[in-house]
Amino acid sequence: MIHRHPFIILKEGLGILFLAVIIPTFLWYLFAEVWVIFLVWMLIGATRLGMIIFNWYLDVILITSVSLIDVKWNGPFDRTSMRLEYNMIEGTSYSIRGIIPTIFNYGTLRVEGAGGATVIQLLHSMNPAEIEKKILERQEQFTGEQNFRDAKTLKNLLSNMLSQHAKKVNPLDIDS
């Protein structure tokens, strides 16, 4: 599973934590008679913070034995998924730009499909060089296994064809 770097949600989460928990709690002690307003304020902030955490956790690229699956979570009622099989991958790339991304080792990971039409991209992914290496290893493993299966299938097909041909040809019918 490939997620975005937690540092990305930390920045946004701390801002919401400050605006939706610390400030209303402080104001609650000053103006206790309107506690309902501050409670609603905190609930809205907690909901927003939950959405950020769910978005981080559910935006993921899954590396399986036969393909990559890109899952995007845009909200509680909006989820998309895209599958890219290893034999359809044309190339992978990553980029790390800036001082903070270089220090914390996160960047953009890109996987291009056949014809450049299908693109899986994950912004702010953790350790993109290692992830690219894992994807290429899985792709090589899948391709080797597929070539072995194809060779075995071809061998079985040819042996079946030869046995069928041998049954049709009677050795006594051959003129010498």
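Just so it is clear, none of the values below were taken in a lab; they were calculated from the coordinates. For clarity, every value in this text was computed on a predicted model and none was experimentally measured. A quick note on method: Cβ atoms are made from the backbone with ideal geometry, for glycine too, and the neighbour counts reach across all protein chains shown.
Quick notes on this structure:
- Lysine pairs with alpha-carbon atoms under 29 Å apart, the chain, spacing 8 or more or separate chains: 11
- Region 58-121, relative contact order in percent, only Cα pairs under 8 angstrom and at least six apart counted: 23
- Estimated inter-spin distance, residue 36 and residue 48, nm [label 7 Å along Cα→Cβ]: 2.2
- Gain in span if fully extended, residue 121 to residue 14, counting 0.36 nm per residue against the direct Cα distance: 35.9 nm
- Entry note, region 53-176: relative contact order of 16 percent, from Cα contacts under 8 Å with a spacing of 6+ residues.
- For the chain, the longest principal axis of the Cα atoms and the long axis of helix 128-168 meet at an angle of about 30 degrees.
- Placing a label point 7 Å from the Cα of residue 134 along the Cα-to-Cβ direction, the residues of region 81-108 whose backbone N falls under 17 Å of that point are 84, 86, 92-95, 105-108.
- Region 66-126: C-alpha gyration tensor shape, a/c 1.5 cut-off, then a/b vs b/c: oblate
- Acute angle (nearest 10 degrees) that the helix 6-17 long axis makes with the longest principal axis of the chain, alpha-carbon atoms: 30
- Dipole of region 80-149, positive end: most advanced residue of 102, 119, 82 [Cβ charges, Cα centre]: 102
- Table column - 3J(HN,Hα) (Hz), region 43-52, Karplus curve with 6.51, -1.76, 1.60, x for Gly and Pro: 5, 5, x, 5, 5, 5, 5, x, 4, 5
- Here, P(r) means the percent of Cα pairs in each 10 Å bin from 0 to the largest distance; for the chain it is 9, 23, 21, 15, 12, 8, 5, 3, 2, 1, 1, 0.
- Rg over Rh for region 1-58 works out to 1.12, using Cα positions for both radii and the Kirkwood form for Rh.
- Test item: Cα-centred dipole of the chain, Lys/Arg +1 and Asp/Glu -1 on Cβ, debye: 120
- Residues 165, 3, ranked from the fewest to the most other C-beta atoms within 10 Å, line up as 165, 3.
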